[in-house]
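**Student:** Supplied in structure tokens, the structure appears directly below.
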């Protein structure tokens, strides 16, 4: 994702997009990136993207949150202030659980949101694709396919031709890398 | 009226572009006159709310009707009621997502918005009802120079944790779902100013596969986390009562009873709000009669859980043989000073929803709307039964005393309606309240299923 | 005060603001008054008196006087500022206890509405002006000069009055107080030939019959009576011996609450009851046979015969007493009854009050003289005759050429007089007075007069033209003459002179004086009974907010008076509590709200005097209505009354509207016999104490573990404890409007329940304050550790930590917690000087409650540590315990076998309220035991 995008094409539907990728694959190209208004079934598999490992971050955060909360509660009541509260035991485990649970939830959720953004490369208010004519349609009904300049097999003429025959609404050449 | 189950959660098969135009345009379409009038009214009530809050802070909560023994009154009732409202939102957007109920798609953001604003109202009250609200932060653990800490055997710190967690998680869930549509507005909004503002909010979302990939998982995870959360929050709220020894509070069935009640009232308020909104914004095709049909059924289910709880409470009071419980549940509530609130509650929560046995009623919006109002009233009264009626007749007859709200109590309750309405109107105005991307995707799924069929 | 229409919360504020305005000017003077120097200079304690350590309270003995009867008290002062009054154990009229009135006297000292300066028709004047008036009053042997005094037993005043008689023979001296003893003296004059007072040795009596006599309540010797009654009623177990108290009365009184048997009769029936009792005795050969004619018939016969047999069986260890409200005839009959029973428990002695029983104690002659315009100079010394004069006599003070009022409060009489001279509060007074039994009790000031006031003696001396001397010089100089037997300083230190009571005299009853049986007047449809208020007395304390907010022992009414009426009569008239009726006596009508009271005699109304004040005192004005307007000399305190129900209603500020137990067992009661051998009763009681199954482990309760035990058999509900608690713990006054919304702040309340089904409605009282539960439900629900448990078993409130969630109150099964709904505390004004500096003044928005007087506990601990002795807590007494006239409250450590609390725990009628809730309260109770007459069941 880091390297420059050489060619971008807008297609009408997710299905077209997937077909194009297959054709271009046939032409030996491999370094694709796609932009879609909503998730397209089967696209990830096609691009060989593995399932997000974000869930593990969330689990860790939840454990830290919950465990930390319980530890704090224990420390407050048993170490810091061992008071006789209505004759209840200092270490009243059942009473410590609700806050433990809530903190696990809070930390887990925060982790989920933050890592979803960070791993998705957000926030980045500027991206080369935004410079592309008509890219706005990516949130409307445009399914965009981009080929990275680093793709050795990329050849402007063949790619453009292939895309146009595949029914691309628009094909934009952003210039190959030297 | 078509009968195909799938077809009528989305009428017709608008193209992605049509969906985009229709749903985003709510944010730039000129404001209707009705919206402006409502906005004025809500603003007025919001001003009233904050005026009365100021008065209460200046003079003390003696301005309210609370007394000894009724040390809790409207504030706690309103808190429980508002927080309950929120639950339907999370229920619809999270639990139904996990259960893959695709009909939730068109209404989930709407209900999430409702959740957020309801929880904001609810969040006011625990603060307001304190004798010394300026020390509310003492309920949270922080290394203070006094070296003091919260007392976590009490249900109130649990509340503080639960409610703030609930609000934050709802907010995050809502925002994550909103992100693609904010990007949509960035790309479509008519004026440059809007495009810039929405663009900043969208954080540069561009729907790349990477983004969708993590977004999907995170969204599912948040939904998965929110599911136990929504159950835990009202359970913990119910513990404010059930950890005490007070007849009428001291009850083990409260957690499930409260959660069901919360979702019950929540669904009712969804109906109350979405029926007019759908009409004003001409969304008959995305929010269809089938949605109402299903929500009415949910209400009926929840109503039956409520009925069961009422019966269980009375039965257990009798079965326990505890003279205090028997007096409270069997003698005082149905026949005592506040009997009228009890019977109104029964009428609203137990009888009204039985209308929904009839499909015609389920799909008659006028009936639905009025019923939803009655259910909200009934659920508020249910909390009144628990909070006030229990306190006014406890163990020692010598301390018995009734509770009467003051004009300040009523004003604050009314004020929160205004404040809620205000926030909601702004939400309807500036955010696409039907999730665009999800609708597009749902349409895709529907088409595929039809193709398969 | 305020009207119910006012928005909640406003009246408390406005009242406080009133206090501020009124008090601010005086505050400086007040504080200056605290120093032991003249009020002009405010000096630091640079050279402080040797006996005084700042921060440590000092205690002095003195006496508080009512209608010439002294009650010995010990006054706690901080840096010369009186803050708390306790009873004087060495004083026979106190025995260490006080009534609510004495407790509140300390607030009255700082009353911002006290008279501030000498005025002549409202304009400031000097003492010289007064001396001119007095000089004129000396002219031609004081002709045309009338002095109106309160009944007094002052030896100093006695001397001066004797000299006035001698040098100013033409002057007239009158004594006046509406509730001063008159009927009993007249009655005894009839049978003994001279006006004598009955003296009761109740600690020796086995059977006591109170005929409309509130022995433990409004009797001048009530504190001693209460103690003596109670000492014979301390039940250890079923085998204990108890005296038996019969109360025969119209309206409920503390004595009626204590009674084993209580019978409701109309005021006019009391005389018949006395006659019928005498007749029974006569029939039994105890009295002249001709008196036997009046034997009872009808419903009364059964119990009167039973009582008579009980009396005869007691073999002279009996006491029969009639109340001062009853006419002379009844007192004569009672004297006859006591003589017939040859009782050793009732003796007769002359009154301590100067000229008691003489015509000079009637207002009539002065009223006539005024009406005729024969009065040139009227000197009113204390009292408030303009307000308390009988309706049919009315005191036309304005008809006097010159009138002068000397009094501490700007009341109705002050308003009516030309000259007003600030008087003294008892705590500013030098004097030598007598208790009801004649015991000589010195008065010494605790503080410099706040407003340059003058004593009655000073005025009389000035009238005589004496050269001015200081009050102390006057008393010290007179002492050797007045009390040759005792040392002045010992007397001051002790607060009383030993064995100085008036000796009893031998008397014989003139039976002929007892008319056998006059035709009883046909009973009126309704009868009205007028009583002195248990706290306001005759209205002299009506400006004291503490007393106005103190719930009535029976009705629990505050900030109001209302006509008490029985449930049956109320039903018959179709009225409920608060409905306003018009009562008409001899053509004089008065509209009052009614209040329904179980145990009130049917077809009777009882109304307290002391309300409806119209003076300039801001608190008293407009509270209730004045019952004196229905009081006429010819009809007395009980009169036939016509009743007209109006359609108006006044919501009454009642702190406990509920009378029934609701089938709950929070206040068990039994008869002595049942306690002895009724297995059911015994096991029911046993079920309310002892260990309970629990999952909780026990915290180690080592060292001193505080606990309380309250004996309900000896609790009369007199409410002195509630007042003492308020005085000790700075609990604020909230006003009628807040009481209406159940926001009163008293840490201690007296729950009273009707414990029996019968219409005589046996009432028992249960003092209810924080129970200091070991497993306190309030503690575990507090989110901020503001209420926690101390090592010595106290349930402690940390006010500074409280955020005011009120969760603790919701979870308190006893509902003994109080919340500061507003900023109730008074910020400025004279009355803040009455506060106890050892107790935090609570802020708005925090919870508060009984602390077992923790400040006293900690003080005792500190003293023990300083003295280097181990702390056992034997010397700690809570405010409520210390003040209790019947010593119903025991307080001490559970880990100490020698304390009363541990012993009480072993008694068969020991119980804990709501024991089944598993709160393990540290306060236990001894169930109410009644010594029923087997004949009456």
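Bear in mind that the values in this text are calculations on the coordinates, not laboratory data. Note that this is a predicted model, so its numbers are computed, not measured. Counting neighbours? That spans all protein chains shown, and the Cβs are built from the backbone with ideal geometry, glycine included.
**Student:** With only alpha-carbon pairs counted, each pair once and no self-pairs, how large is the Kirkwood hydrodynamic radius of the stretch C:330-383 in angstroms? Intermediate results must be reported in sequence, preceding the final value.
**Tutor:** Values: mean 1/r = 0.0674 Å⁻¹.
Its Kirkwood hydrodynamic radius stands at 14.8 Å.
**Student:** So for the stretch C:145-280, what are the equivalent ellipsoid semi-axes in whole Å, largest first, each being the square root of 5 times an eigenvalue of the Cα gyration tensor?
**Tutor:** On the way: eigenvalues 276, 70, 36 Å².
Semi-axes (√(5λ), whole Å): 37, 19, 13.
**Student:** Could you tell me the distance between the Cα centroids of the stretch C:134-210 and the stretch A:89-140, to the nearest Å?
**Tutor:** Cα centroid to Cα centroid, the span is 92 Å.
**Student:** Can you sort B:304, C:631 from fewest to most other Cβ atoms within 10 Å of each residue's own Cβ? Can you show the working numbers first?
**Tutor:** Working: B:304 15, C:631 24.
Least to most surrounded, the residues fall as B:304, C:631.
**Student:** Semi-axes, largest first, in whole Å: what does sqrt of 5 times each Cα gyration tensor eigenvalue give for the stretch A:138-178?
**Tutor:** In descending order, the three semi-axes are 20, 13, 8 Å.
**Student:** What number, in nm² with one decimal, is the all-direction average of the projected area of the convex hull of the alpha-carbon atoms of the stretch C:588-709? Working shown, then result.
**Tutor:** On the way: hull surface 66.7 nm².
For the stretch C:588-709, the mean projected area of the Cα convex hull comes to 16.7 nm².
**Student:** Quickly work out the residue C:582-to-residue B:285 label distance, labels modelled 7 Å from Cα along the C-beta direction, and quote it in nm with one decimal.
**Tutor:** 8.0 nm
**Student:** Starting from the Cα-Cα distance between residue B:297 and residue B:347, subtract it from 0.36 nm times their residue separation and give me the gain in nm to one decimal. Don't skip to the answer; put the middle values down first.
**Tutor:** On the way: separation 50, 0.36 × 50 = 18.00 nm, distance 1.80 nm.
Answer, rounded to one decimal: 16.2 nm.
**Student:** Another question about this same structure. Once each part is reduced to its C-alpha centroid, what is the distance from the stretch B:307-366 to the stretch C:745-778 in angstrom?
**Tutor:** 34 Å
**Student:** If you count the DSSP beta bridges with both ends in the protein assembly as shown, what percent of them are antiparallel, to the nearest 5? All intermediate terms of the calculation are to be shown ahead of the outcome.
**Tutor:** Values: 83 of 132 bridges.
Counting DSSP beta bridges with both partners in the protein assembly as shown, the antiparallel share is about 65 percent.
**Student:** Got a sec? How would B:158, B:82, B:357, A:74 order by Cβ neighbour count within 10 Å, fewest to most?
**Tutor:** So the residues, fewest neighbours to most, are B:357, A:74, B:82, B:158.
**Student:** Given the DSSP H assignment, sum -39500 (n - 2.57) over each helix run of at least 4 residues in the protein assembly as shown and divide by its residue total; what's the result at 222 nm in deg cm²/dmol, nearest 500? Before the final figure, lay out each step's value.
**Tutor:** Values: 47 runs with 622 residues, N = 1568.
Counting only the DSSP helices, I get -12500 deg cm²/dmol.
**Student:** Take residue B:100, project a point 7 Å from its Cα along the Cβ direction, then tell me which residues of the stretch B:424-453 have their backbone nitrogen under 20 Å from it.
**Tutor:** B:438-453
**Student:** Compute the distance in nm between two label points, each set 7 Å from the Cα along the Cα-to-Cβ direction, one at residue B:47 and one at residue C:696.
**Tutor:** 5.2 nm
**Student:** If the elastic network links every pair of Cα atoms under 10 Å, which of A:52, A:30, A:92 fluctuates the most in the Gaussian network model of chain A?
**Tutor:** Judging by the Gaussian network model, the answer is A:92.
**Student:** A further question follows. Would you calculate the convex hull of the Cα atoms in the stretch C:49-207 and tell me its volume per residue in Å³?
**Tutor:** Details: hull volume 34.2 nm³, N = 159.
Once divided by residue count, the hull of the stretch C:49-207 is 215 Å³.
**Student:** I need the Kirkwood Rh of the stretch B:103-211: take the reciprocal of the average 1/r across all distinct C-alpha pairs and report it in angstrom. Please report the intermediate quantities before stating the final value.
**Tutor:** On the way: mean 1/r = 0.0585 Å⁻¹.
Computed over the stretch B:103-211, the radius equals 17.1 Å.
**Student:** If you don't mind, there's one more thing I want to ask. Can you give the angle from 0 to 90° between the axis of helix B:209-242 and the longest principal axis of chain B, with both taken from C-alpha atoms, to the nearest 10?
**Tutor:** So the helix axis and the longest Cα principal axis differ by about 20 degrees.
**Student:** Modelling each spin label as a point 7 Å along the Cα-to-Cβ direction, I'd like the residue A:30/residue C:865 distance in nm, to one decimal.
**Tutor:** About 8.3 nm separates the two model spin labels.
**Student:** Turning to a different aspect of this structure: Taking the radius of gyration and the Kirkwood hydrodynamic radius from Cα positions alone, what is the Rg/Rh ratio for chain C, to two decimal places?
**Tutor:** Values: Rg = 27.4 Å, Rh = 28.8 Å.
Value, to two decimals: 0.95.
**Student:** If you don't mind, there's one more thing I want to ask. Kindly list the residues of the stretch C:147-170 that lie in the label zone of residue C:140, defined by a backbone N under 16 Å from the point 7 Å along the Cα-to-C-beta vector.
**Tutor:** Those under the cut-off are C:168-170.
**Student:** Follow-up. Extension gain residue A:131-residue A:114, at 0.36 nm per residue separation less the Cα-Cα distance, in nm? Mind dumping the intermediate values first?
**Tutor:** Details: separation 17, 0.36 × 17 = 6.12 nm, distance 2.67 nm.
Value of the extension gain: 3.4 nm.
**Student:** Averaged over A:121-128, how many beta carbons belonging to a partner chain fall within 10 Å of each residue's beta carbon?
**Tutor:** On the way: counts 8, 10, 6, 4, 7, 2, 4, 0.
Mean shielding count: 5.
**Student:** Something else now. Let me know the Kirkwood hydrodynamic radius for the stretch C:327-482, please, with Cα pairs as the basis and the value in Å to one decimal. Don't skip to the answer; put the middle values down first.
**Tutor:** Working: mean 1/r = 0.0541 Å⁻¹.
Result for the stretch C:327-482, one decimal place: 18.5 Å.
**Student:** So, one more: Can you compute the FRET efficiency between residue C:645 and residue B:315 using 1/(1 + (r/R0)^6), with r the Cβ-Cβ distance and R0 = 45 Å? Round to the nearest 0.05. Let's see the in-between values first.
**Tutor:** Working: r = 46 Å, r/R0 = 1.03.
Efficiency for this residue pair is about 0.45.
**Student:** Working out 0.36 nm times the residue gap between residue C:398 and residue C:283, then minus their Cα-Cα distance, what length gain in nm do you get to one decimal? Working shown, then result.
**Tutor:** Working: separation 115, 0.36 × 115 = 41.40 nm, distance 5.69 nm.
Gain on extension, residue C:398 to residue C:283, equals 35.7 nm.
**Student:** What is the calculated FRET efficiency for residue C:166 to residue C:359, with r their C-beta to C-beta distance and R₀ = 22 Å, to the nearest 0.05?
**Tutor:** Details: r = 20 Å, r/R0 = 0.90.
Efficiency computed from Cβ-Cβ geometry: 0.65.
**Student:** While we're here: Which residues does the label zone of residue C:572 cover in the stretch C:581-613, counting backbone N under 12 Å from a point 7 Å along Cα→Cβ?
**Tutor:** Once the point is set 7 Å along Cα→Cβ of residue C:572, C:601-605 turn out to lie under 12 Å by backbone N, inside the stretch C:581-613.
**Student:** Could you put C:73, B:230, B:217 in order, starting from the residue whose Cβ has the fewest other Cβ atoms within 10 Å?
**Tutor:** Values: C:73 30, B:230 27, B:217 20.
Exposure proxy ranking, most exposed first: B:217, B:230, C:73.
**Student:** If you don't mind, another one. Calculate log10 I(q)/I(0) of the stretch C:701-798 for q = 0.14, 0.22, 0.25 Å⁻¹, where I(q) comes from the Debye formula with a single equal point scatterer on each Cα and nothing for solvent.
**Tutor:** -0.75, -1.25, -1.28
**Student:** Let me ask something else about it. Against the globular-protein guess of 2.2 N^0.38 Å, express the Cα radius of gyration of the stretch C:232-341 as a ratio, rounded to two decimals. Numbers along the way, then the final one.
**Tutor:** Values: Rg = 14.1 Å, N = 110, 2.2 N^0.38 = 13.1 Å.
Ratio of Cα Rg to 2.2 N^0.38 Å: 1.08.
**Student:** Just for the Cα atoms in the protein assembly as shown, what are the lengths along the principal axes, largest first, rounded to whole Å?
**Tutor:** Each principal axis gives a Cα extent; for the protein assembly as shown these are 143, 71, 68 Å.
**Student:** Need one number: convex hull volume per residue for the stretch C:257-403, Cα atoms only, in Å³. Don't jump to the answer; show the numbers that get you there.
**Tutor:** Details: hull volume 25.3 nm³, N = 147.
Considering the Cα atoms of the stretch C:257-403, their hull volume per residue is 172 Å³.
**Student:** What does the C-alpha gyration tensor say about the overall shape of the stretch B:23-74? Classify as rounded when a/c is under 1.5, otherwise prolate if a/b is larger than b/c, or oblate.
**Tutor:** Prolate, because a/c is 1.5 or more and a/b exceeds b/c.
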